[in-house]
Amino acid sequence: MLRAGIVGLPNVGKSTLFNALVANAKAEAANFPFCTIEPNMGVVSVPDERLEVLAKISQSQKIVPTRIEFVDIAGLVKGASKGEGLGNQFLANIREVDAILHVVRCFDNDDIIHVSGSVDPVRDIEVINLELSLADLSQIEKRIERVRKQAKKEKTAQAELEILEKISTVLNEGKSVRQMELTEEETEIIKPLGLLTNKPIIYATNVSEDDLAEGNEWVEAVKKFAIAESAKVVVVSAQVESELVELSEEEKQDFLESLGVTEGGLKSLIKATYELLGLRTYLTTGETETRAWTIVAGMKAPQAAGVIHTDFERGFIRAETVSYQDLVNCGSMNAAKEKGLVRSEGKEYVVKEGDVMLFRFNV
């Protein structure tokens with residue numbers, strides 16, 4: 001399951017946003033630093049309107065969306081890499097996630113304390129990015145000491161030492177590992193290290209209700225900053241998200257439209273996360289269930305089948321495939337087959353977003 005870690009300085013709205021996103025998993029949200037100590041975790045269903053449509057066509061007994069886990073990690077502060085504010089413990093939690101969701105404060109409110117005394121999202125980002133870089137640098141330097149001894153005898157150790165030294169130079173220049181152009185081999189070598197600055201990052205600019213549609217000058221500053229890292233920026237309002245929790249689906253849509261936006265923060269964040277990680281969704285549908293499956297872009301049919309069960313990949317024969325839109329336009333699988341829109345795809349077929357698939361296998 002995909003895991004996204006929510007990080008940021010204390011009092012930027014992390015836990016409020018988490019509570020809203022994971023409506024049933026209530027993290028403690030209060031107006032003082034280090035309110036969150038242990039990471040709060042909550043699993044949410046990924047919104048996908050296609051599932052309801054397919055379920056009606058197939059008269060499915062149940063719908064199973066794909067899921068994402070949000071981890072609310074305690075507020076980081078300057079010195080976290082050296083243990084300030086229980087920093088080492090918090091940094092260890094970040095190593096375990098697939099993507100970082102960095103919440104930055106882009107609203108002014110005298111009633112909510114800012115640990116640095118004023119609102120400046122780029123400064124706040126740089127504080128946390130520096131701590132993540134210092135934590136990575138410390139880890140890299142320790143690893144270099146161990147590998148240097150092995151490199152005199154082993155070629156694999158020599159290759160690791162080379163990439164570790166390249167990373168050390170980049171980190172000392174104040175850059176992140178995700179800004180480096182790494183080969184597939186180098187990526188595999190450093191993968192076990194779980195480097196913090198190598199994780200894909202989304203900056204969630206937390207704005208007031210009034211700025212949700214258009215953003216503000218702080219949001220623009222974050223967008224400009226994010227370009228260098230090829231990071232995603234999503235505008236959210238923890239205040240609005242917390243209000244949406246109490247509303248029906250129809251009321252939610254009316255409320256969002258009154259604010260000049262078409263979707264809530266959960267959809268925006270999940271969409272950005274999928275794009276950033278290069279993920280795709282294919283669908284299966286039948287009388288028993290209609291279900292969404294998450295795969296990595298570029299996966300071929302047997303690998304995609306393996307997401308359901310390893311036997312599907314091992315004994316893969318073919319995949320009966322139709323695009324979601326073609327199936328909906330036809331109104332039934334039989335009608336789609338009659339029109340020749342259901343294809344029989346083999347082992348080399350690259351699965352596309354929105355493919356509706358039925359795997360044939362033999363074990």
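All conditions in (1) within 28 Å of the chain's Cα centre (by Cα); (2) open to solvent by 20 Å² or more (accessible area, probe 1.4 Å); (3) free of Cβ contacts under 8 Å to residues at least 40 places away in the same chain hold for R343, with the sole exception of (1).
Yes/no per residue for (1) over 17 Å from T281 (Cα atoms); (2) part of a strand (DSSP E or B):
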residue: R318; (1), (2): yes, yes
residue: Q325; (1), (2): no, no
residue: K337; (1), (2): yes, no
residue: F359; (1), (2): no, yes
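Of all positions in region 287-299, none carries a residue that is open to solvent by less than 40 Å² (accessible area, probe 1.4 Å) and in a helix (DSSP H, G or I).
I202 falls short on exactly one of the conditions (1) under 23 Å from R95 (Cα atoms); (2) open to solvent by 10 Å² or more (accessible area, probe 1.4 Å); (3) touching a residue at least 40 places away in the same chain (Cβ under 8 Å); (4) in contact with a helix residue (DSSP H, G or I) (Cβ under 8 Å, 6 or more places away or on another chain), and that condition is (2).
Checking every residue in region 177-187 against the condition of being open to solvent by less than 30 Å² (accessible area, probe 1.4 Å), in a helix (DSSP H, G or I) and either touching a residue at least 40 places away in the same chain (Cβ under 8 Å) or under 22 Å from L91 (Cβ atoms) (or both) gives at least one match.
Pairs only if they're at least six apart or on different chains, beta carbon under 8 angstrom, first in region 1-20 and closer than 22 Å to L279 by Cα, second at pLDDT 80 or above and in a loop (DSSP other than H, G, I, E, B); list them, first residue then second. Here the result reads L2/D98; R3/E96; R3/V97; R3/D98; A4/V97; A4/D98; G5/E96; G5/V97, each pair linking region 1-20 to a residue that is at pLDDT 80 or above and in a loop (DSSP other than H, G, I, E, B). Only one of the numbered conditions (1) within 30 Å of V207 (Cβ to Cβ); (2) without any contact (Cβ under 8 Å) to a residue 60 or more places away in the chain; (3) open to solvent by 50 Å² or more (accessible area, probe 1.4 Å); (4) outside any loop (DSSP other than H, G, I, E, B) is not met by S268, and that is (3).
So, K352, is that one open to solvent by 50 Å² or more (accessible area, probe 1.4 Å), in a loop (DSSP other than H, G, I, E, B), closer than 22 Å to Y274 by Cα and not β-branched (V, I, T) or not? Judged against the criteria, K352 is a match. Please verify whether region 302-313 includes one or more residues that are assigned to a strand (DSSP E or B), over 22 Å from V53 (Cβ atoms) and open to solvent by 50 Å² or more (accessible area, probe 1.4 Å). Checking region 302-313: not a single residue is assigned to a strand (DSSP E or B), over 22 Å from V53 (Cβ atoms) and open to solvent by 50 Å² or more (accessible area, probe 1.4 Å). Determine whether region 36-50 contains at least one residue that is at pLDDT below 85, within 19 Å of I270 (Cβ to Cβ) and polar (S, T, N, Q). Checked against the condition, which is being at pLDDT below 85, within 19 Å of I270 (Cβ to Cβ) and polar (S, T, N, Q), region 36-50 yields at least one hit.
Of all residues in region 249-265, those that are under 18 Å from V44 (Cα atoms) and surrounded by 15 or more Cβ atoms within 10 Å (Cβ to Cβ) total 3.
Quick grid of which residues meet (1) within 21 Å of the chain's Cα centre (by Cα); (2) in a loop (DSSP other than H, G, I, E, B):
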site: I163; (1), (2): no, no
site: I189; (1), (2): no, no
site: E214; (1), (2): no, yes
site: I227; (1), (2): yes, no
site: V234; (1), (2): yes, no
site: E243; (1), (2): no, no
site: E251; (1), (2): no, no
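Across region 205-243, the qualifying residues are those that are out of contact with any strand residue (DSSP E or B) (no Cβ under 6 Å at 6 or more places or on another chain), free of Cβ contacts under 8 Å to residues at least 60 places away in the same chain and aliphatic (A, V, I, L, M), and the one among them that is most open to solvent (accessible area, probe 1.4 Å) is I227.
From the list E69, E96, the one residue that fits, being among the charged types (D, E, K, R) and either modelled with pLDDT under 85 or open to solvent by 60 Å² or more (accessible area, probe 1.4 Å) (or both), is E96.
You will find that of V222, V147, V170, the residue that is under 22 Å from the mean Cα position of the chain (by Cα) and aliphatic (A, V, I, L, M) is V222 and no other.
The values are calculated or read from the model by the stated rules, or taken from the named source; none is laboratory data. None of the values given here were measured: they were computed from a predicted structure. Cβ: placed from backbone, ideal geometry, glycine included. Neighbour counts: every protein chain shown. Please note that ligands, DNA and RNA were not included when accessible areas were found on the heavy atoms of the full protein model with its side chains. Shrake-Rupley method; radii C 1.70, N 1.55, O 1.52, S 1.80 Å.
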